[in-house]
Amino acid sequence: MGSAQSLRQKDTHRRKQSGRSQGLRSALLSLLTGLISGAITAVVTYYSTYAKARLDLTIEYDKELRKSRLDVYRTLWPLLKPLARYSAERPLSREIATETSGQMRDWYFDGGGIYLSRESRGPYFALKDALQHVIDAPGPLAPTLVARVHDAGTALRAELSNDIGTRRQSFLWG
């Protein structure tokens, strides 16, 4: 009997040890799962916060750039008035082309040029080129030169409007 009782005690002791071992494993597994979940949550939170901060900065930069462009484009727009295709105050002449080209140069180098978008740079310099052809042309102005200036002016004004979104339908109001 002593031996049977001893076996039962050993078996009971083994079960207790096994139960403790299982409990310890379970606790360690829970701890490890919690740590991994916490680490993943921290990483996701970090990158989400980082992405939101970058987005907020980008939005703020775009708003400031749009406002600055609007300010400088407002000063360029009236300089183009003498080049109007319709209801021009005077017909295009070398004098008007020279004066307008000089005013555009001043606008560009006095700070406006830095705000031209990639899309607006082409039409801006196309207009400057058309004006230079009028300035350099000998004799009376050919209608094709005048038309080229009018077309270039129209293209520039359209692109300036696109840059600041004044001719686009608002995404807010459909």
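The values are calculated or read from the model by the stated rules, or taken from the named source; none is laboratory data. Worth saying up front: this structure is predicted, and the values here are computed from it rather than measured. Cβ coordinates were reconstructed from backbone atoms using ideal geometry, including for glycine residues, and neighbour counts include every protein chain displayed.
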Checklist outcome for this item: By residue number, the members of segment 53-81 that are surrounded by 10 or more Cβ atoms within 10 Å (Cβ to Cβ), out of contact with any helix residue (DSSP H, G or I) (no Cβ under 8 Å at 6 or more places or on another chain) and within 23 Å of Q103 (Cα to Cα) are K67, D71, R74, K81
Next on the checklist: Condition check: surrounded by fewer than 18 Cβ atoms within 10 Å (Cβ to Cβ) and without any contact (Cβ under 8 Å) to a residue 12 or more places away in the chain. Does D129 satisfy that?
Outcome noted: no
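When the residues of segment 58-78 are narrowed to those that are among the aliphatic types (A, V, I, L, M) and more than 10 Å from the chain's Cα centre (by Cα), which ends up nearest to P123 (Cα to Cα)?
Checked segment 58-78; the qualifying residue nearest to P123 (Cα to Cα) is L76.
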Checklist entry - Which condition number in (1) modelled with pLDDT under 90; (2) surrounded by 11 or more Cβ atoms within 10 Å (Cβ to Cβ) is the one that P123 fails? => result (1)
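Within segment 82-106, can you find the residues that are surrounded by fewer than 17 Cβ atoms within 10 Å (Cβ to Cβ) and under 16 Å from A158 (Cβ atoms)?
Passing the criteria: A84, R85, Y86.
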Checklist entry - From the list R105, R69, R85, which one is modelled with pLDDT of 90 or more and touching a His at 6+ places or on another chain (Cβ under 8 Å)? => result R85
